[in-house]
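What follows is a single structure, written as structure tokens, with notes after it.
The values are calculated or read from the model by the stated rules, or taken from the named source; none is laboratory data. These numbers come from a predicted model, not from an experiment. Note that we place each Cβ from the backbone using ideal geometry, even for glycine, and neighbour counts take in every protein chain shown.
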Amino acid sequence: MITVDYAFDDFRPRLEQTLAGDQFHCGNSSFAKDIVYDFQELFNQTLNSTRWGRAIKVSGETEDSRENFPGSAQQVLETFTGHVDAIQKGWAFVTLRDPYGEILNGRYSATDLAKQGIGEGCRFECSTIKIGPNQVRISYRPLPSLSGTPEALRIVRERLSLTLDDENFIEDP
Amino acid sequence: MKISSKIPDEVDLLELHVFGTGQGKSILVRLPDGKWGVVDYFGSRRGDPSSNPAQAYLGSRGVEELEFVCLTHPHDDHYRGMSQLLERFPPRHLWLFPILDAKTAARLAEYLGLVELDSSDPQEAADELAKILDWCNRRNKPAAQCRLKYVDLGKDIYPSPEDTQSALRIRGIAPAPRLMKSYFEQLLACFRPDGTLQKKLPHRQHNVISVALMIEWNQTRIVLGGDVEREGWRLALEECPDRLCRCAAVKISHHGSDNGYCDGLWRALGDQSRTVAVLTPFHNHDLPDPEAIIHIEESVKVLCSTAPIVRIDRRLSAHSNASLESRQALRTEFQTYSAPSSTQVGRCSFFLDDRGQCVACEIDPPAFARGS
């Protein structure tokens, strides 16, 4: 049996109808949070697998996040294409290039990058994500290599157009 | 030695001019007979000769032709813009790291091109090397009249062996043939039979074939170390211990990395009473290593640097249009910094007599010198 706090009597018919019909949509996060508070345990037990329950949970998570980071959800600040230029003494020396061509250089633990499958000569995507006030998370993931395909070879050969003659590479006496 | 603001009397002096940006470097050598040579060459902006102050310096000294050009090894920071130099000042001698043959040269250019496809600065370094190789390919045509030599350990490079009168000699002190063989085997093993790339070499692997030169003029010795690393120096010391000693000037190899020398090298090369060592930092790889600088300074009289020595973790990223929060996070996580300014080119110039003394030097900021 589900009980509803008296403050929400006006909403009782809708709630009961919604519970029965599994069609709850939350348009007011404050209201949703209160509902979650009152019925959390019960809903966790009985409605966890319903869309209603999932909707409440999502609303609750959104609200929790807003307590830490009012105003909006996570926000990608910048995205770079990265390249590991070299690895020396445990450091991966990386170049980051933003979509407008700006270049940043830096270094990162080679071991930590290796855990993501990113080694010397590898490309990766790097994003800065705002997750809260004064909180920025950096995510990175490997990107596929472009260099090992016949198409890459065709492009490079076309670009370089090398027609070198062996005779001209013989050392002069 | 004195720090001079005036170029001393040019007669009978051997001059060494090292330019550096914190990325690449250019080295100019003026021989006592007034001929000029270039060892490695780096323009900050690709395709823009004016971005290489070495070329402007040649102009300021009235240089119209070069006796020699040397490319030590296939790293972009040693040859960016060199094809334009070759076109503008066709040298009488071109000295290269050992390429073996045209097929290997083409494979090397293709390798660099394929690797560049993945890099953040694509499709330019391989093009430049291809232009240099193309210039080599055309060198025997009448207009060029350039003699090609591959440099390796122990080889007399200049002047020709028949010229027994010359008091000046230039010799190769790296790479060792054994290392060259291994390098090319590894390079060719990167390719599948169909020519596509199956693996990459570590970036530093190209240093294995780096040329190093020794210029000897009576009692004066100059070592230009390229990017030779520990094993290359060890073999050089084994091969010619009597020559690798008490140098007047040394261009420190591999930007002052801690494996840019072997045990005993600086004890042999350096002389605390006269040796000047010049460093060309490479900011992107956080070079020089502080330990290496301490080690080198123990053996030399003066250490000069063409650019400030700045550790990555002390650098700031500052770009007004970017998200400061984002950049701050990147700085914390990756210790990033903005690519260095291309306009900051320092110069260290040394004027040496034939008794092993540096009689004057010029330091053009942001280059600096420290020592007695």
**OP:** Identify, from the list B:PRO288, B:PRO366, the residue that is within 14 Å of another protein chain (Cβ to nearest Cβ) and either buried (at least 16 other Cβ atoms within 10 Å of the Cβ) or modelled with pLDDT of 90 or more (or both).
**Re:** B:PRO288
Subject >> Members of region B:35-54 found to be in a loop (DSSP other than H, G, I, E, B) and exposed (fewer than 15 other Cβ atoms within 10 Å of the Cβ), listed by number >> reply: B:ARG45, B:GLY47, B:ASP48
**OP:** Tell me which residues, restricted to region B:144-162, are among the acidic types (Asp, Glu) and in contact with a helix residue (DSSP H, G or I) (Cβ under 8 Å, 6 or more places away or on another chain).
**Re:** B:ASP152
Original post:
Any residue in region B:165-172 that is free of Cβ contacts under 8 Å to residues at least 24 places away in the same chain and farther than 17 Å from B:PRO74 by Cβ?
Top reply: yes
**OP:** Determine whether A:PHE69 is modelled with pLDDT under 90, more than 18 Å from the chain's Cα centre (by Cα) and either closer than 20 Å to B:LEU330 by Cα or not β-branched (Val, Ile, Thr) (or both).
**Re:** no
**OP:** Could you check region A:81-147 for strands (runs of 3 or more DSSP E) lying wholly inside it with 3 or more residues that are within 15 Å of the chain's Cα centre (by Cα), surrounded by fewer than 17 Cβ atoms within 10 Å (Cβ to Cβ) and more than 10 Å from every other protein chain (Cβ to nearest Cβ)?
**Re:** A:123-132, A:135-143
**OP:** Starting from region B:192-204, take each residue that is more than 7 Å from chain A (Cβ to nearest Cβ) and over 12 Å from B:VAL115 (Cβ atoms) and list its partners that are basic (Lys, Arg) and outside any loop (DSSP other than H, G, I, E, B), counting only C-beta distances under 8 angstrom and pairs at least six apart or across chains.
**Re:** none
**OP:** Kindly indicate which of B:LYS149, B:LYS155 is at pLDDT below 95 and closer than 17 Å to B:ARG243 by Cα.
**Re:** B:LYS155
Subject >> Search result, residues across region B:94-119 that are touching a residue at least 60 places away in the same chain (Cβ under 8 Å) and more than 13 Å from B:HIS75 (Cα to Cα) >> reply: B:TRP95, B:PRO98, B:LEU100, B:THR104, B:ARG107, B:GLU110, B:LEU114
Original post:
Out of the residues in region B:161-176 that are of a type outside the set (A, V, I, L, M, F, W, C) and under 21 Å from the mean Cα position of the chain (by Cα), which is farthest from B:TRP233 (Cα to Cα)?
Top reply: B:ARG169
**OP:** Could you tell me whether any residue of region B:223-230 is assigned to a helix (DSSP H, G or I) and either surrounded by fewer than 19 Cβ atoms within 10 Å (Cβ to Cβ) or in contact (Cβ under 8 Å) with a residue 60 or more places away in the chain (or both)?
**Re:** yes
Subject >> Scan of region B:55-66 for residues that are touching a residue at least 24 places away in the same chain (Cβ under 8 Å) and either surrounded by fewer than 20 Cβ atoms within 10 Å (Cβ to Cβ) or among the aromatic types (Phe, Trp, Tyr) (or both), ordered by number >> reply: B:TYR57, B:ARG61, B:VAL63, B:GLU64, B:GLU65
Subject >> Residue list for region B:270-281, filter: touching a helix residue (DSSP H, G or I) at 6+ places or on another chain (Cβ under 9 Å) and crowded, with 24+ Cβ neighbours inside 10 Å >> reply: B:THR275, B:ALA277, B:LEU279, B:THR280, B:PRO281
Original post:
Looking at this structure, is B:LEU179 more than 10 Å from every other protein chain (Cβ to nearest Cβ), in contact (Cβ under 8 Å) with a residue 60 or more places away in the chain and crowded, with 19+ Cβ neighbours inside 10 Å?
Top reply: no
**OP:** Find the residue count for region B:74-122, including only residues that are in contact with a Gly (Cβ under 6 Å, 6 or more places away or on another chain), in a loop (DSSP other than H, G, I, E, B) and either within 9 Å of chain A (Cβ to nearest Cβ) or closer than 22 Å to B:LYS200 by Cα (or both).
**Re:** 1
Original post:
Restricting attention to region B:291-313, which residues are modelled with pLDDT under 70 and closer than 24 Å to B:ASP364 by Cα?
Top reply: B:ARG311, B:ILE312
**OP:** Tell me, please, whether a residue that is touching a Cys at 6+ places or on another chain (Cβ under 7 Å), in contact (Cβ under 8 Å) with a residue 60 or more places away in the chain, within 27 Å of B:CYS190 (Cβ to Cβ) and part of a loop (DSSP other than H, G, I, E, B) can be found in region B:245-252.
**Re:** no
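Would you check if A:ASP166 is at the interface with chain B (Cβ under 7 Å from one of its Cβ atoms) and modelled with pLDDT under 85?
yes
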**OP:** Would you tally the residues in region A:148-173 being of a type in the set (Gly, Ala, Ser) and either part of a loop (DSSP other than H, G, I, E, B) or in contact (Cβ under 8 Å) with a residue 60 or more places away in the chain (or both)?
**Re:** 2
